[in-house]
1. Would it be correct to say that A:G175 is surrounded by 23 or more Cβ atoms within 10 Å (Cβ to Cβ), modelled with pLDDT of 95 or more and either more than 30 Å from B:A232 (Cβ to Cβ) or within 14 Å of chain B (Cβ to nearest Cβ) (or both)?
2. With respect to B:A223, is the statement that it is in contact with a Phe, Trp or Tyr (Cβ under 8 Å, 6 or more places away or on another chain), at the interface with chain A (Cβ under 8 Å from one of its Cβ atoms) and modelled with pLDDT of 95 or more true?
3. List every residue pair whose Cβ atoms lie under 6 Å apart, where the two residues are 6 or more positions apart in sequence or sit on different chains, the first residue falls within segment B:196-214 and is more than 9 Å from chain A (Cβ to nearest Cβ) and within 16 Å of B:G271 (Cα to Cα), and the second residue, located anywhere, is in a loop (DSSP other than H, G, I, E, B) and among the acidic types (D, E).
4. Is it true that some residue in segment A:262-275 is under 18 Å from A:A35 (Cα atoms) and either open to solvent by less than 20 Å² (accessible area, probe 1.4 Å) or modelled with pLDDT of 95 or more (or both)?
5. Can you name the residue in segment B:228-256 that is of a type in the set (A, V, I, L, M) and in contact with a Phe, Trp or Tyr (Cβ under 9 Å, 6 or more places away or on another chain) and, of all such residues, is surrounded by the fewest Cβ atoms within 10 Å (Cβ to Cβ)?
6. From the list A:S311, A:S288, which one is farther than 27 Å from A:R185 by Cα and touching a Leu at 6+ places or on another chain (Cβ under 8 Å)?
7. Could you check A:I246 against (1) touching a Leu at 6+ places or on another chain (Cβ under 8 Å); (2) over 25 Å from A:C77 (Cα atoms); (3) within 11 Å of chain B (Cβ to nearest Cβ) and say which number it fails?
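The values are calculated or read from the model by the stated rules, or taken from the named source; none is laboratory data. Just so we're clear, the structure is a prediction, and the values are computed from it rather than from any experiment. Positions of Cβ are generated from backbone atoms using ideal geometry, with glycine treated the same way; all protein chains shown enter the neighbour counts. Just the protein is used for accessible areas: all its heavy atoms, side chains included, with ligands, DNA and RNA removed. Shrake-Rupley method; radii C 1.70, N 1.55, O 1.52, S 1.80 Å.
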There are 2 protein chains.
Amino acid sequence: MTAGQTVIAVHGGAGQLPRRQREYPGRKGVELGIAAAVRAGQQVLTKGGSAVRAVAAAVAVMEDNELFNAGRGAALCTDGTVELSASIMNGRTRAAGAMVGLKRTRNPVLAAVELMDHAHCLLFGSQGDAYAAAAGLEQVSSEYFHTKYRERQLQRQKKRGDSTALDHNDESAHGTVGAVALDRRGNLAAATSTGGLVNQLAGRVGDTPVIGAGTWADNRICAISATGKGDAFARVAFARRVADLIELTGADPQAAALAALREVEIVKGEGGCLVLTANGQLTMPFTSPQMVRGWAAGRDAPTVALWADESVVLD
Amino acid sequence: MTAGQTVIAVHGGAGQLPRRQREYPGRKGVELGIAAAVRAGQQVLTKGGSAVRAVAAAVAVMEDNELFNAGRGAALCTDGTVELSASIMNGRTRAAGAMVGLKRTRNPVLAAVELMDHAHCLLFGSQGDAYAAAAGLEQVSSEYFHTKYRERQLQRQKKRGDSTALDHNDESAHGTVGAVALDRRGNLAAATSTGGLVNQLAGRVGDTPVIGAGTWADNRICAISATGKGDAFARVAFARRVADLIELTGADPQAAALAALREVEIVKGEGGCLVLTANGQLTMPFTSPQMVRGWAAGRDAPTVALWADESVVLD
């Protein structure tokens, strides 16, 4: 990477779709959605904006896209409701904000941004929505978040025997979203947003809103956004572990992330993450069959990839 | 420590009370409460019970004691409500459970125990209470948790200008509670429970229910329960950091905990923690003026300490 070169990377979730289904009908839409999120972050960065603003912009674009499991189009809880969680961390100040179980705020990641520089780190439930509303963030009806696709998916999941599933075990909708960025001044940030697991118990929270599990950023080490079976990532305190392995053992980011993913496997989870270092090194390992992701350095066209061994540049 | 020797340690919160007030009227009650919690854990351990059962028993005793900020006698949110959070982790299996914002479950730590071995790691709000009720745990009215003392404390805090405070900045009630234990088979566990900050925004969550922030246990490294300005501990992913410093750098537990407490200070927090290793080494450092704590090995009488440089054995 060139000094002062900006980098943005996003993910649209770890999932189960096998590679043999790679020509599935919804693929193009997802690739375009990922590319749009990369461009939203890139636009902030190339104008000299901060890494925090870039990851928030990229995540908000995916929250607004019903193909992803965050904001509009989020996975439904077993009672048919939507519960949205998000977090963000500023690698320069190590300030962090997180929201759990929002039901009215259009962009949960922007609510996390509002909280970030205040005394509290995490708010849950209706008080989170109230905080976001008081900060002037757009509030919407619950119908805004609901999609026909997610309602059918919930019914299918219940027929399979009432267990939960990662948010895109099938081919028409994708997962938890997240972003990491490096800005011109060398600052890192990370953000993550989700609707949780398909058919989860209402009230269940995974790693996404947990600082040190789903999200981490520290200018001295790296920025991380994770996705996958969130209960397992939370039990491992995943993101802090990756950063500690890099900082304290000198492991390279890929080796550190894979070691932490092995710890997730021990507690019966799988998934992946984005890891971006302060010198612009980007790695995106995953143990699930796929992880939807995209990235761009400087003004480059976004590259998008869904499985391990292929990628496409979207001009 | 002798091989097979059991150890239990508990804390009743980090606080601001200066040592010159050491003869305050409520001191004896707090010392007796800490000793009772130590004995409850000790009773489990000396009968051959597990570290998980020991920390749950010790924490539940403090939840039932209105002198501590957990369960009955919890600090009040700015709207006058009680919101209870707790977490527990099993160092043998690295299973973990956490509850956020309970309002009806008498012993939040027991709700966390119920969740620990199930698919989900964390539940928030009324669904957490519903889960606990379905598991057969005692539900109580909100009046059960409220005490006259906490109501007066909230009014005083509001008069001071509406800011939050650590849960025992004055002398009559103490703080967040937690416990770590080592059982006969060499298994570690940790648990933490709190009502949060005095006059906090309802919906605010600190580090207590966050696995890797307020609570951590891993037989290979140590068990940790933290207390203090929870927003800062959450932003640092405190407990995972302490464990990583021990595991990855070979730091002794005291040095590791103090290094992590310095990171907490950088994000404007103070407090302390219990750290217990698998070979029975116990350290309890804190950066706040006091941390209420007690401990016992094997069948020893409990030792109780409130400030840094004094302790008393309670036969």
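1. Details: surrounded by 23 or more Cβ atoms within 10 Å (Cβ to Cβ): yes; modelled with pLDDT of 95 or more: no; either more than 30 Å from B:A232 (Cβ to Cβ) or within 14 Å of chain B (Cβ to nearest Cβ) (or both): yes.
No: the conditions fail for A:G175.
2. Values: in contact with a Phe, Trp or Tyr (Cβ under 8 Å, 6 or more places away or on another chain): yes; at the interface with chain A (Cβ under 8 Å from one of its Cβ atoms): no; modelled with pLDDT of 95 or more: yes.
No; evaluated as a whole, the condition is false for this residue.
3. Taking only residues 6 or more apart or on different chains, the pairs are B:V198/B:D167; B:G214/B:D207.
4. Our first condition is that a residue be under 18 Å from A:A35 (Cα atoms); within segment A:262-275, this holds for A:273-274.
Going one step further and asking which of them are either open to solvent by less than 20 Å² (accessible area, probe 1.4 Å) or modelled with pLDDT of 95 or more (or both), we end up with A:273-274.
Scanning segment A:262-275 turns up at least one residue that is under 18 Å from A:A35 (Cα atoms) and either open to solvent by less than 20 Å² (accessible area, probe 1.4 Å) or modelled with pLDDT of 95 or more (or both).
5. Step one: list which residues in segment B:228-256 are of a type in the set (A, V, I, L, M), which gives B:232, B:234, B:236-237, B:239, B:242-243, B:245-246, B:248, B:251, B:255-256.
Now narrow it down to the ones that are in contact with a Phe, Trp or Tyr (Cβ under 9 Å, 6 or more places away or on another chain): B:232, B:237, B:239, B:242-243.
Numbers: B:A232: 25, B:A237: 31, B:A239: 34, B:V242: 29, B:A243: 27.
Checking each candidate, the answer is B:A232.
6. On the way: A:S311 fails: touching a Leu at 6+ places or on another chain (Cβ under 8 Å).
So the residue among A:S311, A:S288 that is farther than 27 Å from A:R185 by Cα and touching a Leu at 6+ places or on another chain (Cβ under 8 Å) is A:S288.
7. (1)
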